[in-house]
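J.: Pasting a structure below so you can have a look.
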Amino acid sequence: LDGLCYSAAIFDVRDPNNFDVSFIGEQRSSGGGGPDWTDLGCGAQNTTGVFVGVVPMYSDLSERWESIPNPLPVDGDQPSPFGPMHNPDVMRREISVPRAVAAPVPGAPPLPPGVAPPPHIYSPEELSAMKVERAKSVWPQQALMPPALRKGFCCAVTVCNFNGNLSDADYNGDTCLTQFVSKSDLQSAHNVWTAWDVECIGLRFVRNSESCRLQFHTEVTHDSNSFEYEFDLAKEGLDCSLPYRPVIFFRKKALAVVEEGYAL
């Protein structure tokens with residue numbers, strides 16, 4: 001699929017109660033050189049690039065995307081990028097904040113003219129708080145999502161840059177945020193941070209008389225890590241009787257190879 005901004009595709013399946021499909025990223029300039037979704041890191045910074053999930057088969061994919069609250073996720077299953085020390089597992093380039101500042105010691109006698117006060121070394125808590133504030137300053141408070149996802153469940157991938165100063169034409173990723181979202185509710189999303197970008201999303205839908213479950217398998221570029229997550233759609237507040245189908249929405253221009261099967 002050659003996805004343009006705000007484009008989408010929904011797929012029919014042979015068994016509506018049991019289906020597997022994988023969406024594998026390809027870089028536009030690579031000419032099919034293997035999984036690579038770095039295109040999601042170009043363009044508007046900190047904007048979700050792609051949504052992959054399930055929606056009812058009768059959903060209108062042409063509806064105008066809607067603006068919803070988009071709080072900065074400061075937690076996640078993996079360590080977040082807002083810890084006091086640089087963690088290469090979740091950040092390729094650390095959020096830039098000062099480690100110390102020249103400050104007078106409370107209660108100390110006045111210093112002679114021209115003598116600088118000793119530096120105040122920021123505590124781990126102060127460093128984390130400053131990183132969060134820096135990220136919030138460049139994080140969009142509202143996000144655009146397809147209305148069809150209000151009745152569905154998706155995996156949303158956002159390549160993030162919290163340091164700024166890069167052209168929209170450049171790849172500008174510092175870290176990758178993968179969110180698992182029910183009914184377009186980003187405030188209750190399940191958040192995962194990784195240093196490298198997601199290159200493949202596999203989903204498996206299984207429905208029977210006892211349950212209705214959706215599994216995700218994500219693989220990360222330049223990394224041997226893959227992640228598995230399973231969600232009970234009834235517990236997520238969704239109607240398990242609806243005829244769900246796999247779907248992909250593009251917020252940025254990107255290529256995706258669609259294959260039957262759960263993973264690479």
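J.: If 123, 96 are ordered by their accessible area, calculated over protein heavy atoms with a 1.4 Å probe, which sequence runs from highest to lowest? Kindly include the intermediate steps, with their values, before the conclusion.
T.: Numbers: 123 35, 96 70 Å².
Ranking 123, 96 by accessible area, largest first, yields 96, 123.
J.: Turning to a different aspect of this structure: For the peptides 134-142, 86-94, 250-258, 151-159, what is the packing order when you average, over each peptide's residues, the other Cβ atoms within 10 Å and list the highest mean first?
T.: 151-159, 250-258, 86-94, 134-142
J.: Of 210, 63, 199, which is the most mobile in a GNM of the chain whose springs link Cα atoms less than 10 angstrom apart?
T.: So, out of 210, 63, 199, the one fluctuating most is 210.
J.: Still on this structure: Per the helix-only calculation at 222 nm, which mean residue ellipticity applies to the chain, given -39500 (n - 2.57) for every DSSP H run of n ≥ 4 and division by its residues, nearest 500 deg cm²/dmol? Could you put the intermediate results ahead of the total?
T.: Numbers: 1 runs with 14 residues, N = 264.
Here the helix-only value at 222 nm equals -1500 deg cm²/dmol.
J.: Kindly report the accessible area of the chain per residue (heavy atoms of protein chains, probe 1.4 Å, no ligands, DNA or RNA), in Å².
T.: Working: 12450 Å² over 264 residues.
Solvent-accessible surface per residue comes out at 47 Å².
J.: Quick one: ranking 85, 57 by accessible area, 1.4 Å probe, largest first, what do you get?
T.: On the way: 85 140, 57 95 Å².
Ranking 85, 57 by accessible area, largest first, yields 85, 57.
J.: Answer with a single label: of [x] 82, 42, 36; [y] 58, 57, 41; [z] 54, 42, 34, which was calculated as Cα extents along the principal axes in Å from the structure in view?
T.: For Cα extents along the principal axes in Å, the calculated option is [x].
J.: Tell me, in nm to one decimal, what length is gained between residue 123 and residue 225 on full extension, where the rule is 0.36 nm per residue of separation less the Cα-Cα distance?
T.: Values: separation 102, 0.36 × 102 = 36.72 nm, distance 3.17 nm.
Once the chain is fully extended between residue 123 and residue 225, it gains 33.5 nm.
J.: Now for a separate question. Just going by the charge dipole of the range 48-100, with Lys and Arg at +1 and Asp and Glu at -1 on Cβ, which of 68, 51, 84 is farthest out on the positive end?
T.: 84
J.: Lone cysteines in the chain, going by a 4.7 Å Cβ-Cβ cut-off?
T.: Those would be 5, 42, 154, 155, 160, 176, 200, since no other cysteine Cβ in the chain comes under 4.7 Å of theirs.
J.: Right, next: Specify the angular offset, from 0 to 90 degrees and rounded to the nearest 10, of the alpha carbon long axis of helix 124-137 from the longest principal axis of the alpha carbons in the chain.
T.: 60
J.: Leaving out ligands, DNA and RNA, what percent of the accessible area of the chain is carbon and sulfur, probe 1.4 Å? The partial results should precede the final answer.
T.: Numbers: 6510 of 12450 Å².
On the chain, the fraction of accessible area on carbon and sulfur atoms equals 52 percent.
J.: For the peptides 183-191, 235-243, what is the packing order when you average, over each peptide's residues, the other Cβ atoms within 10 Å and list the highest mean first? Before the final figure, lay out each step's value.
T.: On the way: 183-191: 16.3, 235-243: 13.7.
Ranking the peptides 183-191, 235-243 by packing returns 183-191, 235-243.
The values are calculated or read from the model by the stated rules, or taken from the named source; none is laboratory data. The shown structure was predicted, so the numbers you read here are calculated from the model rather than taken from an experiment. Cβ atoms come from the backbone with ideal geometry, glycine included; neighbour counts cover every protein chain shown. With ligands, DNA and RNA removed, areas are computed over all heavy atoms of the protein, side chains included. Shrake-Rupley method; radii C 1.70, N 1.55, O 1.52, S 1.80 Å.
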